[in-house]
Amino acid sequence: MAGERRVGAELDRLARRGWRVLHSIPLANNVDVDHLLIGPGGVFSINTKHHHNKAVWVGDDSVKVDHGKPAPYARKSRAEAKRVVRVLEHYCGFRVPVEPVLVFVGVTDLKVVATQLSVRVYQERQVAALAPLSGVLTAEQVDQVYSVARHRQAWSKA
């Protein structure tokens, strides 16, 4: 929870650049989207992982914390982004690109060695790198996507 709050605070700072943020969107089966960032650069489904004082290694399709067993974080993030696409496109009526993002909080080292990774990977202070992205959604589309995403009923079967 503390990690999600820290990332949420970083994301909230992007509002002045035309971005909208939603936190903790409940999906079916007691799952939630930690954060949804909606703006001119598209939509980002953000999954927060708090690993205090641990080293994290990210490969093409696996994540290891302190050289431990591979965790399916990347695969789960991609699946979550696909769920978000289905909901938003169903209600918006236009193509809504959603990129999965993994944000690691409190880690001592983050090494990304992936060459084919389809998930963006950041530490909590790096999420501001999303701010300058643009050219994906118009201001009107951002408003429409945000309006849909705010309605809890839209997510009830996702």
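For the chain, find the longest principal axis of its Cα atoms and tell me its angle to the long axis of helix 73-92, 0 to 90°, nearest 10.
0
Straight-line reach from Lys157: which lysines have Cα under 25 Å away, leaving out those fewer than 8 places along the same chain?
Lys49, Lys76, Lys82
How would you order 35-48, 55-68 from highest to lowest mean count of nearby Cβ atoms within 10 Å?
Values: 35-48: 23.3, 55-68: 15.9.
By packing density, highest mean first, the sequence is 35-48, 55-68.
To the nearest Å, what is the center-to-center distance of the stretch 132-146 and the stretch 62-84, using C-alpha atoms only?
Using only Cα atoms to place each centre, the spacing works out to 27 Å.
Please compute one quarter of the surface area of the Cα convex hull for the stretch 39-126 and express it in square nanometres.
Numbers: hull surface 23.8 nm².
The orientation-averaged projected area of the Cα hull of the stretch 39-126 comes to 6.0 nm².
If I model a spin label as a point 7 Å beyond the Cα along the Cα-Cβ vector, how far apart are those points for His52 and Asp109 in nm?
2.1
If you filter the stretch 106-153 for trypsin sites (Lys or Arg not before Pro), then keep DSSP loop positions with at most 10 other Cβ within 10 Å, what is left? Intermediate results must be reported in sequence, preceding the final value.
Values: sites: Lys111, Arg120, Arg125, Arg150, Arg152; in loops: Arg150.
Those that pass, being in a loop and sparsely packed, number zero.
For the stretch 76-158, give the percent of accessible area contributed by carbon and sulfur heavy atoms, probe 1.4 Å, rounded to a whole number. Walk me through the intermediate numbers first.
Values: 2220 of 4620 Å².
The computed percentage sits at 48.
What residues from the stretch 96-123 fall in the zone where the backbone N is under 19 Å from a label point 7 Å along the Cα-to-C-beta line of Asp66?
Within reach of a label on Asp66, which here means backbone N under 19 Å from a point 7 Å along Cα→Cβ, the stretch 96-123 contributes 104-111.
If you fit an axis through the alpha-carbon atoms of helix 139-149 and take the longest principal axis of the Cα set of the chain, what angle between them do you get, 0 to 90°, nearest 10?
80
Name the residues whose placed amide hydrogens come within less than 5 Å of the amide hydrogen of Asp32, ignoring near sequence neighbours (fewer than 5 apart) on the same chain.
Amide H to amide H, under 5 Å and 5 or more residues apart or across chains, Asp32 pairs with Leu27.
Run the numbers for Arg86 and Asp12: contour at 0.36 nm per residue of separation, minus the present Cα-Cα distance, in nm. Could the numbers behind the result be given before it?
Details: separation 74, 0.36 × 74 = 26.64 nm, distance 2.48 nm.
Extra length available between Arg86 and Asp12 comes to 24.2 nm.
Each residue of the stretch 106-122 in order: what ³J(HN,Hα) in whole Hz does its phi give by Karplus 6.51 cos²θ - 1.76 cosθ + 1.60, θ = phi - 60°, with x for Gly and Pro?
Whole-Hz 3J(HN,Hα) from phi for the stretch 106-122: x, 7, 7, 8, 10, 10, 10, 10, 6, 10, 10, 5, 9, 10, 6, 10, 9.
Return the long-range amide H neighbours of Arg20 (sequence gap of 5 or more, or a different chain), with a cut-off of under 5 Å between placed amide H atoms.
Ile38, Gly39
With both bridge residues required to lie in the chain, what share of the DSSP beta bridges run antiparallel, to the nearest 5%? Could you put the intermediate results ahead of the total?
On the way: 16 of 32 bridges.
Antiparallel: roughly 50 percent of the beta bridges in the chain.
Gain in length, Asp143 to Val31, computed as 0.36 nm per residue apart minus the alpha-carbon separation, to one decimal in nm?
37.8 nm
Given a cut-off of under 8 Å on Cα pairs at least six residues apart, what relative contact order in percent is computed for the stretch 1-130? Could the numbers behind the result be given before it?
Details: 253 pairs, mean separation 34.7, N = 130.
It comes to 27 percent, rounded to a whole number.
For the chain, go through all pairs of different Cα atoms, get the mean of 1/r, take its inverse, and jot down that Kirkwood value in Å. The partial results should precede the final answer.
Values: mean 1/r = 0.0632 Å⁻¹.
For the chain, inverting the mean 1/r across all distinct Cα pairs yields 15.8 Å.
Taking the stretch 11-62 on its own, what percent of its Cα-Cα pair distances exceed 15 Å? Walk me through the numbers before you get to the answer.
On the way: 803 of 1326 pairs.
Every Cα pair in the stretch 11-62 considered, those over 15 Å come to 61 percent.
Select from His67, Thr115, Ala128 the residue farthest towards the positive end of the dipole of the chain; place +1 on Cβ of Lys and Arg, -1 on Cβ of Asp and Glu, and compute about the Cα centre.
His67
The values are calculated or read from the model by the stated rules, or taken from the named source; none is laboratory data. These figures come from a predicted structure and were not determined experimentally. Every residue, glycine among them, receives a Cβ derived from its backbone with ideal geometry; neighbour counts consider all protein chains shown. Calculation scope for accessible area: heavy atoms of the full protein, side chains included, ligands and nucleic acids excluded. Shrake-Rupley method; radii C 1.70, N 1.55, O 1.52, S 1.80 Å.
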